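A quick write-up on the structure given underneath.
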Amino acid sequence: ARVTLRQLLDHAAEYGYGVPAYNINNMEQGLAIMAAAQKTSSPVIIQASRGARAYANDLILAKLIDGLAELYPDIPLVMHLDHGNSEPTCMTAIQYGFTSVMMDGSLKADGKTPADYDYNAGVTKRVCDFSHWAGVSVEGEIGVLGSLETGEGEKEDGHGFEGKLDHDQLLTDPDQAVQFVKDTQVDALAVAMGTSHGAYKFTRKPDGEVLAMNVIEEIHRRLPDTHLVMHGSSSVPEDLQEIINKYGGEMKPTWGVPVEEIQRGIKHGVRKVNIDTDNRMAMTGAIRKVFAENPSEFDPRKYLKPAMEAMTKLCIERFEAFGTAGHA
Ligand code: G3H
Ligand code: 13P
Ligand code: NA
Ligand code: ZN
């Protein structure tokens, strides 16, 4: 059944678990996520970026979600807009049946310029007003996602700014977080503590210098009733890097966010954990393996089925690690 982000995260807070939010672009990813949810009896957050909406087409995406919800009537399902960047993007998502939207006003709508507080709070409040009228939840973001190692922030497409950002700009200021929640009435708050999108987050296993989980603990102390969101939370597992490289890929050595750090976040108010890269890697590794081992194969089902199975396996691992399993 379709639920809002607010309904699901209120439940998660009451029972002390976190919920992975998996990105979707196509049917295979949708089926893979739902199979994992069913196997572990987990509620799900499925999210589509602006890029996903353009890739799959809004109408196809909406009908796909209808199909998944009907196929798995017992699984609570949130359909969420990931990184909406304007009022119209959020409004049109609602028209297509999304039960939750993210208004990411941490950058101006050009996707380049870090926004000031008033811009971010203003646009996020306006999105909260119309979304809440429609019974839809809103996630906001305060602080710029990016790397404490390189000083590079992120644009919507995951590429860096030209200039360097200060260490402080890459970490959410707890005072600002408190003010932002008060000013906007967001249902969930994404915070910045050193993660970035994509596979290349850290050049070594992250410690407190580059992954500032203490920022989350401080924000949770100040905002105990606010559901926190971690973006850029793929763990970039070494075994998936190895599979990709073994079968002809060329990924450079890299580190993601260790599952234990996410579990620590969940103890301190993190309720939504965004994961896309890990699933992309799981699918790609499986597809590369089929291509390498069976070069004469050309039936898409022969590589998409193993790709779905690899993604389902990863989703099951995260549902279990975050305590989501058993809460459907
Ligand atoms: O926020 C980033 C997500 O991984 C979605 O990526 O914009 O390439 O669809 P995308
Ligand atoms: P990853 O690139 O770490 O999977 O992060 C995804 C994300 O934050 C989507 O909003
Ligand atoms: Na999001
Ligand atoms: Zn994100």
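The values are calculated or read from the model by the stated rules, or taken from the named source; none is laboratory data. Values in this document were obtained by computation on a predicted structure and should not be read as measured data. Every residue, glycine as well, gets a Cβ built from its backbone with ideal geometry; the counts of neighbours run over all protein chains shown.
A few remarks follow.
- Looking only at the range 212-236, and only at residues there that are touching a Leu at 6+ places or on another chain (Cβ under 8 Å) and assigned to a loop (DSSP other than H, G, I, E, B), the one that is surrounded by the fewest Cβ atoms within 10 Å (Cβ to Cβ): Leu223
Each row is one residue, and each column tells you yes or no for (1) polar (S, T, N, Q); (2) within 16 Å of ligand 3 (Cβ to nearest atom); (3) touching a residue at least 24 places away in the same chain (Cβ under 8 Å).
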site	(1), (2), (3)
Met34	no, no, yes
Gln38	yes, no, yes
Ser42	yes, no, yes
Ile46	no, yes, yes
Tyr55	no, no, yes
Ala62	no, no, yes
Leu77	no, yes, yes
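- Qualifying residue in the range 290-303 (condition: under 20 Å from the mean Cα position of the chain (by Cα) and either crowded, with 23+ Cβ neighbours inside 10 Å or at pLDDT 95 or above (or both)): no
- For Pro76, the test of being more than 16 Å from ligand 2 (Cβ to nearest atom), modelled with pLDDT of 95 or more and surrounded by fewer than 16 Cβ atoms within 10 Å (Cβ to Cβ) is failed.
- Considering each residue of the range 158-177 in turn, none proves to be within 16 Å of ligand 4 (Cβ to nearest atom) and in contact (Cβ under 8 Å) with a residue 60 or more places away in the chain.
- The lone exception for Ile60 - which of (1) within 16 Å of ligand 2 (Cβ to nearest atom); (2) at negative phi it fails: (1)
- Taking (1) of a type outside the set (D, E, K, R); (2) within 11 Å of ligand 1 (Cβ to nearest atom); (3) in contact with a Pro (Cβ under 9 Å, 6 or more places away or on another chain) in turn, Ala37 satisfies each apart from (2).
- Filtering the range 1-11 to residues that are assigned to a helix (DSSP H, G or I) and surrounded by fewer than 22 Cβ atoms within 10 Å (Cβ to Cβ) leaves Arg6, Gln7, Asp10, His11.
- In the range 252-277, the qualifying residues are those that are of a type in the set (Lys, Arg) and within 14 Å of ligand 3 (Cβ to nearest atom), and the one that is farthest from Arg222 (Cα to Cα) is Lys272.
- Filtered residues of the range 11-28 (kept if in contact (Cβ under 8 Å) with a residue 12 or more places away in the chain and more than 16 Å from ligand 3 (Cβ to nearest atom)): His11, Ala13, Tyr15, Gly16, Tyr17, Asn26, Met27, Glu28
- Residues satisfying the stated conditions in the range 10-22, i.e. under 14 Å from the mean Cα position of the chain (by Cα) and under 13 Å from Pro76 (Cβ atoms): Val19
- Selection within the range 81-133 - aromatic (Phe, Trp, Tyr) and assigned to a loop (DSSP other than H, G, I, E, B): Tyr96, Phe98
- Residues that are out of contact with any Lys or Arg (no Cβ under 8 Å at 6 or more places or on another chain) and touching a residue at least 40 places away in the same chain (Cβ under 8 Å), drawn from the range 83-95: Cys90, Ile94
- The set of residues from the range 14-39 being buried (at least 21 other Cβ atoms within 10 Å of the Cβ) and closer than 15 Å to Glu317 by Cβ comprises Gly18, Val19, Pro20, Tyr22, Ala32, Ile33, Ala36, Ala37.
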